[in-house]
Amino acid sequence: GGEEAAAPAAKAAPARCLTPSLYFAHMPRLSPDGRTLAFAAREGEFRSHSAGFELRTMAWPPPEAGHGSATLVPIVRGFPAATDGSSFAGLFGFHDELASLAWLDEATLVFHSVAGATKSTFTVAATGGGEATGGGPAPPVVPLRPPQCEGSVELLGASGGTAIVQCSSLRRPPSVWAMKDGGEWTCLVDVGSLVEKHDAGPHCEQARAALRELRSARLEKVRLPEEEGGSEALCLLPAGASRAPWTLKIHGGPHSASLDSWSVEVALLLASGVCVIQPNYRGSIGFGDDFCAALPGHVGEMDVGDCVALTRASLAQLDESLDPARGGAYGGSHGGFPTAW
C-alpha cells in the first residue's frame, strides 16, 4: 500500500524484431566481450524440418536505426570436396548441431555440423564485428580435430580458449579430448582403453573381443556417379568377410544422415557377422544444400531409388564379401518408408 503502491510502473520498452529480413534466426550467442551476437540464420523459406543455414553476426547492442546482420559463413550449396569431415559442407543439423555454436574466445566461433558422413567440429574467425558485409571473401572455416582421430568429432563445450570434443567412429568407441593454448590436445577419457584395462568377469573379455573385432573391420564407401545424384553409402564389414549376410540400415528424417560415429546397434550387428550398409540418399544433410533440397516433392521416388541403387552398387563393388541372397533392410521414422517400399 501507500505511496509506493500508487507510483506508476516504469513503462517497458517495446520489443522489436532485429532480423526482419530473415525467415529463420536461431540459437543466438553473445561474445565474451559483449560486443557481437552470432546466430544461425536463413533468409529464404525452406519446405523441410532441416536445411543448410548461414552463420551471421551483428553488433551488440544493436543501434536504434540501420541495424542489420552480416553473413559470416554463407550457405554451402554444392557437394563438399570430401565427405570424411575434413571439408566444411555447410552449417547443417537439427537443434543439437545448431545449439553447439559457442565462442571459443572473443574473436573465434566454434561449432559442430554434419559434414558428409560425419559430425565434425569447425572454427571460424568472427571478423567484421557484425557490420554489414561489403562483399569481401568469407573467412575460412577450419576443421578442429584431435590427431589420429577418425570418424566424427562432436563439440561438447567451449570457453576461455578451451574446447572439449568427443571423438568416435563406427569402429572406435568415444574418447573425450580437450584443446587449449591454440592447438595443444589432451585425451581426457578413452572408453576403449578403459575397457581394455577393466577386468570384472567374463563380460569384460567379451567386450574386449568385440572391440578388437570392430577395430579390424573394413569401412568402405560406395558412391553413385554424379549424373545419378551422387548419393553414397558407408559399408562396414567384418574382417575377412566372405559372402556374408548384410542389412541396409536406412536413416530417418529424411533430412538427417548416416554417420561414421559410434553406434552400439551397428557394433552388435557386426559382432553377429552381419555387414551393415548405411545409405545417404538425396535429401540427407551434410552434402550441400542442393543435395538436401532435392528430395521434397520426390519422396518415394528419389530416396527409394537411391537406396536401391546404392544397394546394387555395394553388392557389385563388394561382390566377394556380400552374399546377394542373404540381405535385408530396416529403418525407423522416414527410414521405414523406403524399407516398406
For region 99-241, take every pair of Cα atoms, bin their distances at 10 Å starting from 0, and report each bin as a whole percent. 10, 30, 28, 21, 8, 2, 0
Lys/Arg +1, Asp/Glu -1 at C-beta; region 193-341 dipole; positive extreme among ALA340, PHE291, SER321: SER321
Relative to the chain, whose Cα atoms define the longest principal axis, helix 302-317 and its Cα axis are tilted in degrees, nearest 10, by 40
Just subtract the alpha-carbon distance of ARG16 and GLU184 from 0.36 nm times their residue separation and send over the number in nm, one decimal. 56.2 nm
Using the Cα atoms of the chain to build a convex hull, what is its mean projected area in square nanometres? 24.6
First compute the accessible area of region 199-341 with a 1.4 Å probe, then give the percent of it belonging to carbon and sulfur atoms. 53
About the Cα centre of region 176-322, how large is the charge dipole given +1 on each Lys and Arg Cβ and -1 on each Asp and Glu Cβ? Please answer in debye to the nearest 20. 480
Let me know the Kirkwood hydrodynamic radius for region 223-319, please, with Cα pairs as the basis and the value in Å to one decimal. 13.9
Over the chain, with the other protein chains present, what is the accessible area per residue in square angstrom, probe 1.4 angstrom? 48
What is the local net charge at GLY52, summed over the other residues whose Cβ is closer than 10 Å to its Cβ (Lys, Arg +1; Asp, Glu -1)? -1
Protection-proxy order for peptides 268-275, 290-297, each taking the mean of Cβ atoms within 10 Å per residue, highest first: 290-297, 268-275
Report Rg(Cα)/(2.2 N^0.38 Å) for region 214-272, keeping two decimals. 1.24
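The values are calculated or read from the model by the stated rules, or taken from the named source; none is laboratory data. Note that the coordinates shown come from a computational prediction; the quantities given were computed from them, not determined experimentally. Cβ: placed from backbone, ideal geometry, glycine included. Neighbour counts: every protein chain shown. The protein model used for the area step is the full one, side chains on, heavy atoms only, and it has no ligands, DNA or RNA in it. Shrake-Rupley method; radii C 1.70, N 1.55, O 1.52, S 1.80 Å.
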